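So the structure is just underneath, and the comments pick up after that.
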Protein chains: 2
Amino acid sequence: MTEVAEATRLGRLDDEARSVIFTRARTANTWAETPVSDAELNSVWELAKWAPTSANIQPLRVLYVHPGEGRDRLVKHMSDGNKAKTAAAPAVAVLAIDTRFHEHIPTVFPMRPEMKDVFEANEDMRTAGGKLNAALQAGYFILAVRAHGLAAGPMSGFDAADVDAEFFADGRYKSFLVINIGHPGDSPWFNRLPRLDHDDVISWA
Amino acid sequence: MTEVAEATRLGRLDDEARSVIFTRARTANTWAETPVSDAELNSVWELAKWAPTSANIQPLRVLYVHPGEGRDRLVKHMSDGNKAKTAAAPAVAVLAIDTRFHEHIPTVFPMRPEMKDVFEANEDMRTAGGKLNAALQAGYFILAVRAHGLAAGPMSGFDAADVDAEFFADGRYKSFLVINIGHPGDSPWFNRLPRLDHDDVISWA
């Protein structure tokens with residue numbers, strides 16, 4: 001065929017929608033007191049979950065942390081530079097890898113259930129596949145937060161081993177990113193940092 | 001403050017826009033012959049580049065591969081199950097980690113230029129930071145492809161060492177994902193695979 005079939009012609013985002021999740025969106029560093037509801041947080045996941053992973057393995061797990069006791073337990077494991085931001089965030093998501101994601105393969109990849117055993121037998125493949133795909137899903141998650149009219153504040157600065165001991169004591173989940181979520185407060189943005197020059201990133205063959 | 005300041009009230013995506021990048025979008029397995037222009041491919045990056053990375057390190061590099069000689073060089077390194085799909089794709093992106101991303105830190109994170117030396121001295125931190133953030137950016141990239149009315153077909157099934165020898169002979173870039181890009185062809189979608197149950201992914205504290 002030489003033309004795109006009408007049935008599979010795809011929509012695209014207009015400039016306004018692109019600005020919401022890419023061009024105008026910013027990482028927030030202060031938070032309004034406006035709460036974020038559990039319904040909003042559930043909806044973020046119901047959007048993010050549809051984007052693709054290798055062999056549909058979906059290794060990402062999300063612990064949503066409420067203000068109060070839950071947040072207090074998390075804040076003490078954040079880096080000093082992140083404690084105040086997280087302590088003020090209306091909601092926080094701890095993103096983790098399920099290191100035994102492959103147990104779900106017979107359900108999520110039913111045409112090749114034997115891949116469960118392939119992953120079970122090959123720890124390097126399991127670890128690499130979990131890390132790559134959970135991070136891909138974290139990218140989707142951040143943009144899904146923004147799609148809901150919320151700001152995200154992703155952070156690598158925390159003690160992952162301590163967070164895991166605090167919230168994932170059985171050792172199965174390994175945290176790798178913490179994301180503050182809410183409505184921006186006063187002076188929420190730092191100056192925008194430069195992006196690499198196009199030709200430093202893009203090459204052609 | 002108890003209310004969201006009007007100046008920082010954020011837009012959100014409507015259901016149509018959400019469907020374009022999340023809910024209705026699908027991984028394509030066949031391709032129309034309709035070409036994808038270099039301008040479209042450049043625009044995909046100009047959108048994806050704005051989403052956040054840790055300390056703004058931006059380790060992702062993108063090699064865009066044209067039909068013809070470039071694509072032929074790539075196809076031979078794809079897994080057997082992926083060769084035909086990539087051989088028919090109007091455009092292909094090889095996503096790689098720049099293992100020396102930290103050399104750009106004085107430019108991209110000017111408030112802490114010394115982090116270049118911290119990464120230089122700590123190979124484990126450099127490798128982990130590169131992998132996590134390049135994969136986050138790959139997630140943004142896939143959704144940016146979709147934002148342009150194009151379908152993405154991401155694949156882990158290829159010989160990364162051979163791809164690197166073929167295209168990145170100096171050893172600095174390490175490929176980790178190949179993404180076919182184009183307009184969907186005949187019967188482009190497999191049946192949609194199940195997503196994990198909400199409660200298998202989401203927990204609360």
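Yes or no, residue by residue, for (1) of a type in the set (Ser, Thr, Tyr); (2) more than 22 Å from A:PHE167 (Cα to Cα); (3) out of contact with any strand residue (DSSP E or B) (no Cβ under 7 Å at 6 or more places or on another chain); (4) at pLDDT below 95:
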| position | (1), (2), (3), (4) |
| --- | --- |
| A:ALA5 | no, yes, yes, yes |
| A:ARG61 | no, no, no, no |
| A:ASN82 | no, no, no, no |
| A:LYS116 | no, yes, yes, no |
Q | Failed criterion for B:GLY139 (all others in (1) in contact (Cβ under 8 Å) with a residue 40 or more places away in the chain; (2) within 22 Å of A:GLY129 (Cα to Cα); (3) small (Gly, Ala, Ser) hold) | A | (1)
**Q.** Sole exception among (1) under 26 Å from B:ARG112 (Cα atoms); (2) within 22 Å of the chain's Cα centre (by Cα); (3) open to solvent by 30 Å² or more (accessible area, probe 1.4 Å) for A:VAL178, by number
**A.** (3)
Q) Within the stretch B:29-40, is even one residue within 8 Å of chain A (Cβ to nearest Cβ), small (Gly, Ala, Ser) and in contact with a Leu (Cβ under 8 Å, 6 or more places away or on another chain)? A) no
Q. What's the number of the condition B:ASP164 fails, among (1) farther than 30 Å from A:SER175 by Cβ; (2) at pLDDT below 95?
A. (2)
Q: Please verify whether the stretch B:109-116 includes one or more residues that are more than 23 Å from A:ALA135 (Cα to Cα), among the aliphatic types (A, V, I, L, M) and within 11 Å of chain A (Cβ to nearest Cβ).
A: yes
Q) Which condition number does B:ALA134 fail, the rest of (1) within 28 Å of A:SER43 (Cα to Cα); (2) more than 9 Å from every other protein chain (Cβ to nearest Cβ); (3) open to solvent by less than 10 Å² (accessible area, probe 1.4 Å) being met? A) (2)
Q | Failed item in (1) surrounded by fewer than 22 Cβ atoms within 10 Å (Cβ to Cβ); (2) under 30 Å from B:VAL94 (Cβ atoms); (3) in contact (Cβ under 8 Å) with a residue 60 or more places away in the chain, with A:ILE202 passing the rest | A | (3)
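Here are B:GLU69, B:GLU16: which of them is closer than 24 Å to B:ILE97 by Cα and either open to solvent by 50 Å² or more (accessible area, probe 1.4 Å) or more than 8 Å from every other protein chain (Cβ to nearest Cβ) (or both)?
Numbers: B:GLU16 fails: closer than 24 Å to B:ILE97 by Cα.
Checking each option against the conditions leaves just B:GLU69.
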**Q.** Matching residues, the stretch A:117-131, being under 10 Å from A:ILE97 (Cα atoms), open to solvent by 10 Å² or more (accessible area, probe 1.4 Å) and either acidic (Asp, Glu) or more than 8 Å from chain B (Cβ to nearest Cβ) (or both)
**A.** A:THR127
(Q) I need the full set of residues from the stretch B:90-109 which are open to solvent by less than 10 Å² (accessible area, probe 1.4 Å), touching a Pro at 6+ places or on another chain (Cβ under 7 Å) and among the β-branched types (Val, Ile, Thr), in order please. (A) B:ILE105, B:VAL108
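Looking at the stretch A:181-199 only, could you name the residues that are open to solvent by less than 20 Å² (accessible area, probe 1.4 Å) and under 24 Å from A:ALA91 (Cα atoms)? Steps first, please.
So in the stretch A:181-199, the residues open to solvent by less than 20 Å² (accessible area, probe 1.4 Å) come out as A:181-182, A:184-185, A:188, A:196.
Result: A:ILE181, A:GLY182, A:PRO184, A:GLY185, A:PRO188.
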Q: Sort out which residues of the stretch A:42-66 are open to solvent by 20 Å² or more (accessible area, probe 1.4 Å), under 16 Å from B:LEU196 (Cβ atoms) and over 14 Å from the mean Cα position of the chain (by Cα), and write them in order of number.
A: A:SER54, A:ALA55
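The values are calculated or read from the model by the stated rules, or taken from the named source; none is laboratory data. Quantities reported herein were computed from a predicted structural model and do not represent experimental measurements. FYI the Cβ positions are ideal-geometry reconstructions off the backbone, even for glycines, and counts take in every protein chain you see. What goes into the accessible areas is simple: the full protein's heavy atoms, side chains included, and nothing from ligands, DNA or RNA. Shrake-Rupley method; radii C 1.70, N 1.55, O 1.52, S 1.80 Å.
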